[in-house]
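Reading through the structure tokens given below for one structure.
The values are calculated or read from the model by the stated rules, or taken from the named source; none is laboratory data. None of the values given here were measured: they were computed from a predicted structure. Using ideal geometry, Cβ is built from the backbone for each residue, glycine included, and neighbour counts are taken over all protein chains shown. When the accessible area is computed, the model is the full protein with side chains, heavy atoms only, and any ligands, DNA or RNA have been set aside. Shrake-Rupley method; radii C 1.70, N 1.55, O 1.52, S 1.80 Å.
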Amino acid sequence: MINGYPTEEELRNRIINQLGWRGPTEKVALVWHGYLTALLEWGLIEVQVFDRLSVLLPHVGDKELYELCTDEPLSPERERGIDEFLSKKKK
């Protein structure tokens, strides 16, 4: 049973707070990427909200996140595409 939905503002504030307490660590990023993915999968946030909140976090586990969401392993082509996308984001 769902007891209310988190708003984008609430999630943003929680992410920012935890980043302030712990820093942009891999652990914080992985926890939040997983949490946001679960909210997205269950239809509690929209893709646009997921995207806006995800940019607050370090890029960690992007390939694993893709596999989780698609329930299949990455093809070599898709893996190269993710690598290229991430290299452009770092510039």
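Of the residues that sit in region 14-31 and are assigned to a helix (DSSP H, G or I) and under 22 Å from TYR66 (Cα atoms), which one is most open to solvent (accessible area, probe 1.4 Å)?
The qualifying residue most open to solvent (accessible area, probe 1.4 Å) is LYS27.
Please work out which one of (1) assigned to a helix (DSSP H, G or I); (2) more than 14 Å from the chain's Cα centre (by Cα) is the condition LEU11 fails and give its number.
Only one criterion is unmet by LEU11, namely (2).
For region 32-82, name all the residues that are charged (D, E, K, R), surrounded by 12 or more Cβ atoms within 10 Å (Cβ to Cβ) and either more than 18 Å from GLU10 (Cβ to Cβ) or in contact with a Pro (Cβ under 8 Å, 6 or more places away or on another chain) (or both).
Passing the criteria: GLU41, ASP62, LYS63, GLU64, GLU67, ARG78, GLU79.
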